[in-house]
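As structure tokens, the structure follows; a few thoughts come after it.
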């Protein structure tokens, strides 16, 4: 993970692009849960219940829905 990365925005959308859930995570949380993946040449943060409910998350669903006009 690059040292310049401060946050991770994770979004879940349906098949037509409607934002279902969007969360913002600090780098420390991502480092705790992400796994290196050689096939994708980077890190993967799986959206487990533990990650979705993590105390450091910031729910930005409504903000992105407004931008997306959902």
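Descriptive notes on the structure:
- For the stretch 57-70, residues that are surrounded by 13 or more Cβ atoms within 10 Å (Cβ to Cβ), over 11 Å from the mean Cα position of the chain (by Cα) and more than 12 Å from residue 20 (Cβ to Cβ) total 1.
- Scanning the stretch 33-63 for residues being closer than 13 Å to residue 12 by Cβ, at pLDDT below 90 and out of contact with any helix residue (DSSP H, G or I) (no Cβ under 9 Å at 6 or more places or on another chain) gives a total of 2.
- One residue stands out in the stretch 1-24 among those that are within 13 Å of the chain's Cα centre (by Cα) and at pLDDT 85 or above: the one that is surrounded by the fewest Cβ atoms within 10 Å (Cβ to Cβ), namely 20.
The values are calculated or read from the model by the stated rules, or taken from the named source; none is laboratory data. What you are looking at is a predicted structure, and each value in this text was computed from that prediction instead of being measured. Ideal geometry is used to build each Cβ from the backbone, glycine not excepted, and the neighbour counts take in all protein chains shown.
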